[in-house]
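The values are calculated or read from the model by the stated rules, or taken from the named source; none is laboratory data. Fair warning: this is a prediction, and the values are worked out from it, not measured in the lab. Reconstructed Cβ throughout: ideal geometry from the backbone, glycine too, with neighbour counts over all protein chains shown. Note: areas computed on protein heavy atoms with side chains; ligands, DNA, RNA excluded. Shrake-Rupley method; radii C 1.70, N 1.55, O 1.52, S 1.80 Å.
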Amino acid sequence: MSDLRLPPALLEEWMRSYYFEAEIDIGSSGVEDYSLRELRQLLGISHDELDEVVFHDSRTLGNPELRAAIARRWAGGDVDRVIVTHGATEANFLVMSSLLQRDDEVLVLDPLYQQLYSIAGSIGCKLERLPLRFEHGFAPDLEEAGALIGSRTRMIVVNFPHNPTGVTLTLEQQRELIRLASRVGAYLVWDAAFGELTYEQPPLPSPGLLYERAISMGTLSKAYGLPGLRLGWCIAAPDVLARFVRLRDYLTLHLSPLVELVARRAIESAEVLLAPRLRQAARNRQHLEQWMSRQEGRASWVRPAAGVCAFPRLDGVADVDAFCRRLIADDGVLLVPGSCFGRPEHARLGFGGASRDLEEGLRRLGEALRRAERSAGPRRSAEAENVALDRASAP
Ligand SMILES: Cc1ncc(COP(=O)(O)O)c(C=O)c1O
């Protein structure tokens, strides 16, 4: 920990600069957020229940009833494997900081949410990258993964459904990944931030149900529309959680009893919150698909199988970073440049929000792409993408 030198978190910096300025957000990776009023109505939380909260300290691993609710839904009922965290962000930090050491080999997806590799990089781990290639539909090649995983692999870090590409695994592929990890005894870190946002298959099970050294993270920030609640969790073997505690004692200690109450009620009635947001995201995905079919020559994509992010390549745009800045300044629309994920030809487009915002945001984006096309001239070539892929980029 002492020599941890973290690089800037590019996505967070982008959001800090532009999220609060934007009129329409089609860059974020969540669904439409809930208000406390909506939560109270939907979950039947009374004013009395809120009034009874006393702001005493909570427990290091989290409120027992909240842990039990998480365990029932995601950990086969095993409360001892659950810690409640300040978003999946804290969980990610605890996992990497307490389990990795300099020179450990860590296999990561590329691209990947930055926290999931930068902490390991800062510790001095040797990062191996499993590329998700646009021209292969971003599909992870598990044979390639198998060739990269060896006896020195300490940890395998994945995130499915995937931010930013929207790619996911089949149940058989998840089993295969677990087999690859167990063959060498590596930790399998499974960031399931978007776990319940699936359209074509049921959510994948927590890998910890099948493999002792699997560690999974979840959050109420994405599918549940509660990013400002800052509630996440991690499911891991009790001895691993004990290592987190030693770090947490210097970091966040525990969560607020008020947050824990709301989170417990949200998880106990998960479907009530999830169902309308998933329906809206599915409708939005169809709208986005129709919109993309009209962008021939300006943008190309891989249709996301799950989650609420797409990662189109902006074929008619010479400088995507500058384009995204202009899009906010001139059109009031937030998009995230692919440079935040080491793929500067692409942009992350979040389609989980309110349908009217997505529709208006895409209308404005479409106009901006046409303007860029008129001013830029010839289309970007396929070679440009390959150069971008080869660049010493993200992980
Ligand atoms: C893959 C992934 N993991 C974790 C997080 C962090 O989520 P939280 O808000 O729970 O800290 C994010 C946020 O974008 C994410 O995309």
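Data overview
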{"read-out": "Span from the the stretch 291-337 Cα centroid across to the the stretch 116-186 one, whole angstrom", "value": "26 Å"}
{"read-out": "Within-9-Å neighbourhood charge of residue 332 [Cβ basis; K, R +1; D, E -1]", "value": "-3"}
{"read-out": "Cα shape, the stretch 1-129, gyration tensor, a/c 1.5 rule", "value": "oblate"}
{"read-out": "Loop-located chymotrypsin sites (Phe, Trp or Tyr not before Pro) in the stretch 1-90 whose Cβ has at most 10 other Cβ within 10 Å (DSSP)", "value": "20, 55"}
{"read-out": "Cut-off 10 Å between beta-carbons: net charge of the residues surrounding residue 89, Lys and Arg +1, Asp and Glu -1", "value": "-1"}
{"read-out": "Rounded, prolate or oblate (a/c below 1.5 giving rounded, otherwise prolate when a/b exceeds b/c) for the stretch 160-256 by Cα gyration tensor", "value": "oblate"}
{"read-out": "Residues whose placed amide H lies under 5 Å from that of residue 159, excluding near-sequence neighbours", "value": "191"}
{"read-out": "Candidate residues 321, 57, 141: accessible-area rank, largest first, probe 1.4 Å", "value": "57, 141, 321"}
{"read-out": "Pair residue 271, residue 247: separation of 7 Å Cα→Cβ label points (nm)", "value": "3.7 nm"}
{"read-out": "DSSP loop trypsin sites (Lys or Arg not before Pro) with at most 16 other Cβ within 10 Å: longest gap in the chain", "value": "153-293"}
{"read-out": "Cut-off under 5 Å, modelled amide H: who pairs with residue 153 long-range", "value": "none"}
{"read-out": "Label-point gap, in nm, between residue 171 and residue 49 - each point 7 angstrom along Cα→Cβ", "value": "3.3 nm"}
{"read-out": "Cut-off under 5 Å, modelled amide H: who pairs with residue 128 long-range", "value": "106, 107, 108"}
{"read-out": "Phi-based couplings in Hz for the stretch 45-52 (Karplus 6.51, -1.76, 1.60; Gly and Pro marked x)", "value": "7, 8, 4, 4, 4, 5, 5, 6"}
{"read-out": "Where labels lie 7 Å past Cα in the beta-carbon direction, separation of residue 371 and residue 135 in nm", "value": "3.3 nm"}
{"read-out": "R0 of 22 Å, Cβ-Cβ distance residue 21-residue 356: FRET efficiency to nearest 0.05", "value": "0.65"}
{"read-out": "Nearest-20 debye value, the stretch 276-376 charge dipole, Cβ charges on Lys, Arg, Asp, Glu", "value": "320 debye"}
{"read-out": "Cα gyration tensor shape for the chain, rounded if a/c is under 1.5, else prolate or oblate", "value": "oblate"}
